[in-house]
Each structure stands twice: as structure tokens, then as C-alpha cells.
Protein chains: 2
Amino acid sequence: MTFAEKYTARSRNVQSMLCVGLDSDIEKLPERFRLQDQPQFEFNKWIIDQTHDLVAAYKPNMAFYEARGAQGIAELQSTMEYLKEKYPDIATICDAKRADIGNTNTGYINAIFDQMSFDSITLHPYLGQEALQPFLDRSDKGCIILCRTSNPGAGEFQDLLIQDVPLWQTVAHAVATKWNAHKNCCLVVGATYPKEMAVIRKTVGDDMLFLVPGIGTQGGDVASVMKAGMNSKGEGLIINAARSINFSDNPRQAAQALRTELLTHSA
Amino acid sequence: MTFAEKYTARSRNVQSMLCVGLDSDIEKLPERFRLQDQPQFEFNKWIIDQTHDLVAAYKPNMAFYEARGAQGIAELQSTMEYLKEKYPDIATICDAKRADIGNTNTGYINAIFDQMSFDSITLHPYLGQEALQPFLDRSDKGCIILCRTSNPGAGEFQDLLIQDVPLWQTVAHAVATKWNAHKNCCLVVGATYPKEMAVIRKTVGDDMLFLVPGIGTQGGDVASVMKAGMNSKGEGLIINAARSINFSDNPRQAAQALRTELLTHSA
């Protein structure tokens, strides 16, 4: 089963394109978690138990775990074991934004795909396909390539024109036509750039999933994103929300509200 | 003291532009290390003790430590503590190839700059200056931006022309003229591309250090690299070698030979 097949099956099953970002910043955790031995793991367990039936995917960002050294890595590992045991149908994304040269990537592959059992990882495109081949060769795992990122300054290099085509579109085209031999590639396309998202959907066709950060705190608009990014089946998006769910007064309610909003706009 | 000042002082002091890459792949360690409780740390200690007086910098690649989960991270931390205590004048580079959006980078900054006390880190440019500002704001630490990487397929995106200027040169120009307000930026320029290196030196001027991977196993030629990359003072390069030193029969001898070769070509 490819990553896209796992995600799509889950998404259809629970009628949700929602991905909850497990960005468990230790500084922001409620005190009752900070007092425990494994604060990030306990917080993640709580968020997962509150939201599991509403989501198609979970996406921890590695930075929040690495911030705590070996202890943070151990708590992320525990989180993944918990998910694998209790909710194995939910797709998992390691937002690590990695990319090294050739076999050096094997270290990241061992850690993230094999030890932690993540279904997919986010990757920088700058080194090219040849460097990333060890990731791309894993047909059982998803390679989610940064294409158009959600940050305000994303355009500095991504908007540069190569024979009238912006770099983000050049990356999307290369990934769709060359990198995707195993049908395991996806793209990161920020919710804050719906116009670009519509062009990327046209460029890559129906089959490629987009991981979409930038809804919620970053200001992306749900209606515009769904219109711009969905494929002809009204699918194809992994809509991530982190802070607006994790650190709301009621994470379950926040996840429910966003799932409903996504459903409304995909009907 | 900036990263460049620390590196340059050390480089002049020991008459060496050599950086040893502590790429302590657990699979490749001699058996006498693999049998110990902290194999990567013990191996690093041995390499450091064998080579410290010959080098200006050490550069562990994170992938080889993350491959072992929490244990690998703990052994890298121990390595950094050992270096800080015994050889505090040697510059340290975390080859992590990170880059996330804005404040998410804080997690990497805490881990790599503050907890592990690295002097510098390697970074992907694709998200732009605005995303990387939390790294760039650390005037006490070096930000080493991937510009022209050493891998055979580096050109897929890096060679694309923007108004007749390749992307790698566009990145070099942006880093030199805009990103470098705190004089803490350096560039990664692969030894396998000496022609590009000469253009990058002209583009950014004398003051910027280049971290140069690709000598040794990857096939980069010392004489061409030194000619192409040195600044007008015969300095400005951090020449990395990893496998060709760490896994040679005699790491000290291999480091001595390369240091001498570098000296010969910088005279």
C-alpha cells in the first residue's frame, strides 16, 4: 500500500481531510502535562485520544522534539508506538524537512521510516532527485517535497522565473514527471498561496496529494484552498492544523469545527 | 566572536584548513568500538585525539546520529561536551541541513546551538531569508547555506537559469548582499564543482567562508579547489574530509597527509 492509498482510504473512511500537527512545543504545554515525566508524549496521547476519529493524519514537527534532545526523540518514538498500536489506520507524516546527499540519507530513513515507523516525511528539493533517491526508492513510504511553502517570504527563490516558469512550478513538474516513478511523491503547498496551488494542481494532475500547512494561525482561507487544491474527485488534500487545535480551549471541538468546515467546502 | 573569526583564528594557529567530518556510521565502526556502550562517542573521541592538532574544525553529520534514535543524539551531545572541554578553540559545524519556517526553527536552534553548543549549522535556502531569520539573528553562530552541493545531480534545480544567472549564483548573491547583516553567513560549495566555486568566490568577495565537501571519496581535486576557492589572502576555505580519514588504516596519518596537501596548494 502506498502512502497516498493509506491516506485516501482513511480520509474516505472518516470523511475527513484533516491532519493534526502534533507540534507539542514544551513551552506551550498546559502545566498538568509539563509536570509529568514524559510531557510531550502525555500531551500527544491526550490530543490523539481527543481527535482520532476526526482525522486522516497526524504530523509531528521534529523541531519541537529535537529541542529537548534525546528525551524529546524518545517521547516522539513513544507517540509513534502509541499511534501504531491504537490507531494504525491513521496516516503519519514526519515534518522533518530533511535532505542530504545520497547514502547519508540512510540515517534519516532508518530513524524516521524504520525505527519510528512514520508513513512519510517532508523533504527539501534543492539537492535534486539524484540526492534524494534513497527516499524515493521507498515505494512503501511517502516523500512529501517542499514546493510552495506557506511563509510570507517563500517567494525569495521559489518565485524566480526560469523561462517564464516560477521555480515552485518547475519543482512541481519535475516531481510529477520524473521523481514519482513509485507513485510515492506528494507536495507541500501552503494554504496562504491559493493562486499558486491552483496552478500546481493543473501542473501535476489529479493523483498527487498536497500537504497544506498555513490554515488557522498563519491565515490561510479554507474556502479558497479547497477550491484551488482539490482534484476532480473533490479529494487530494491533507489539510494541516496545529496550534489552532492543540492549544485551543477544547481541542476536540476545534478539530470537529475544522473537519466540518472542510466537508462543507468539499461537497 | 563570529564563527568566521573563531575558524580563521584556529586555522591560522594550527596552519590548517582541514575539517574532519565525524560521520561515525555505526555500520562502519571498527569492532572494538561497536562492542562498547557508547560506540559513536568512543570512536569520535579516538578520532579527535588522533587529529585535534591538525584540524581547524570538526563536522558531525546529524544523519549518522539520528539513525540510532535517542542513543545517537546522546552520544553526539557527549562528543560536543568532550570537544568543548578539551579543545574549545576548534570550530564545530553541525551538518544538519535544516530549515523550517520562522519560529519552528527555534527547536533546532535550542538543540544544536544551545544544548549541543555547536558553533554553526548547515541550512537549506529554499524557504528564503524570512523563514531562516531565527538562525540568521544568532550573530554568535555560523549559518552555512547550501549553495552548490557536491552531489552529481546537484544541477537539477541549482543550474536553472534566472535571467542568465544560475540559481546557485543567485543564492550566493542573496546570501552575501542580504542575509549576511551579522557577518555570520557561509556557503556550502562542493569540491566537485571548481568552476562554479571560482564564480561564487568572485560573486561574494573575500570575506565569506566556504565549507567544501567532496574531497576524497567523492573525487574532488585539492589543487583545483584551492585555486578556485581561496580568497586573496589564501584563506577562506573549510575543507572537509570524512570517510577518507575516519575509516583509513591510520586516521592521523591520513589527516596529516591532507593537511600537508592543503598547505602546499595554499602557499
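The values are calculated or read from the model by the stated rules, or taken from the named source; none is laboratory data. Predicted model, so just to flag it, every value in this text is computed and none were measured. Positions of Cβ are generated from backbone atoms using ideal geometry, with glycine treated the same way; all protein chains shown enter the neighbour counts. Accessible surface areas use protein heavy atoms only, side chains included; no ligands, DNA or RNA. Shrake-Rupley method; radii C 1.70, N 1.55, O 1.52, S 1.80 Å.
So, with a 1.4 angstrom probe, what is the percent of accessible area on the range A:2-51 that is carbon and sulfur? Its accessible area is 42 percent carbon and sulfur atoms. Across the identical copies, the 7 Å label point of A:ALA257, projected outward along Cα→Cβ, sits 6.7 nm from its counterparts, in ascending order. The same position B:GLU235 in the other copies lies at 6.1 nm from this copy, comparing label points 7 Å beyond Cα toward the beta-carbon, shortest first. With every protein chain in place and a 1.4 angstrom probe, the accessible-area ranking of A:THR260, B:THR122, A:THR192, largest first, reads A:THR260, A:THR192, B:THR122. Considering only B:VAL189, B:LEU29, B:GLY72, and ranking their Cα positions along the charge dipole of chain B that arises from unit charges at the beta-carbon of Lys, Arg, Asp and Glu, the one farthest toward the positive end is B:VAL189. Would any residue of the range A:28-47 have its amide N under 17 Å from a label point 7 Å out along Cα→Cβ of B:ASN103? List them or say none. Inside the label zone: A:28-31.
Share of carbon and sulfur in the accessible area of the range A:184-256 stands at 47%, probe radius 1.4 Å. Take each residue of peptide B:22-31, count the partner chain Cβ atoms within 10 Å of its Cβ, and average: the result is 1. The mean number of Cβ atoms from other chains found within 10 Å of a Cβ in peptide B:145-151 is 4, as a whole number. Taking all C-alpha pairs of chain A, those more than 28 Å from each other amount to 30 percent. Each Lys or Arg adds one and each Asp or Glu takes one away; over the other residues whose Cβ falls under 11 Å from the Cβ of A:MET116, this sums to -3. Structure note, pairs A:LYS28/A:LYS97; A:LYS227/B:LYS178; B:LYS59/B:LYS227; B:LYS59/B:LYS195: Cα-Cα distances above 30 angstrom occur for A:LYS227/B:LYS178. Residues of the range A:240-263 with an amide N closer than 17 Å to a point placed 7 Å from the Cα of A:ASP53 along the Cα-to-Cβ direction: A:251-260. With all protein chains kept in place, the per residue accessible area of chain A amounts to 37 square angstrom at a probe of 1.4 angstrom. Considering chain A as a Gaussian network with a 10 Å cut-off on Cα pairs, which listed residue, A:VAL171, A:VAL199, A:VAL222, attains the greatest mean-square fluctuation? Evaluated over chain A, the most mobile residue of the options is A:VAL199. The equivalent ellipsoid that matches the C-alpha gyration tensor of the protein assembly as shown spans semi-axes of 39, 27, 20 angstrom, in descending order. Under a model in which nothing but the beta-carbon of Lys, Arg (+1) and Asp, Glu (-1) is charged, chain B shows a dipole of about 480 debye around its Cα centre.
When chain A is treated as a Gaussian network with alpha carbon springs shorter than 10 Å, the biggest mean-square fluctuation among A:GLY236, A:GLY220, A:GLY21 belongs to A:GLY220.
Site pair A:SER117 and B:THR260 shows an inter-label distance of 5.5 nm when each label is modelled 7 Å from Cα along Cα→Cβ. With the label put 7 angstrom out from Cα along the Cα-to-Cβ vector, B:ILE162 ends up 1.1 nm from the copy partners, going from closest to farthest.
How would the range A:1-109 be classified by its alpha-carbon gyration tensor: rounded, prolate or oblate, with rounded meaning a/c under 1.5 and the a/b versus b/c comparison settling the rest? Oblate, since a/c reaches 1.5 and b/c is not below a/b.
Note on the range A:19-104: with charges restricted to the Cβ of Lys and Arg (+1) and Asp and Glu (-1), its dipole about the Cα centre is near 100 debye. If a spin label sat at a point 7 angstrom from the Cα of A:ASN231 along the line to its beta carbon, the backbone N atoms of the range A:17-48 nearer than 16 Å would be those of A:17. Take each residue of peptide A:105-117, count the partner chain Cβ atoms within 10 Å of its Cβ, and average: the result is 4. Counted residue by residue at 0.36 nm each, then reduced by the alpha carbon distance between them, the extension gain from A:ILE162 to A:ASP221 reaches 18.3 nm. Largest GNM mean-square fluctuation among A:SER120, A:SER139, A:SER24, using chain A with Cα springs under 10 Å: A:SER139. For the protein assembly as shown, the 222 nm mean residue ellipticity estimated from helices alone, with every DSSP H stretch of n ≥ 4 adding -39500 (n - 2.57) and the total spread over all residues, rounds to -12000 deg cm²/dmol. Overall, the anisotropy analysis places the range B:109-260 in the oblate class: the square-rooted eigenvalues a ≥ b ≥ c of its C-alpha gyration tensor yield a/c not less than 1.5, with a/b not exceeding b/c. Charged neighbours of B:HIS182, selected by a Cβ distance under 13 Å, balance to 0 (K, R count +1; D, E count -1). Under a model in which nothing but the beta-carbon of Lys, Arg (+1) and Asp, Glu (-1) is charged, the protein assembly as shown shows a dipole of about 560 debye around its Cα centre.
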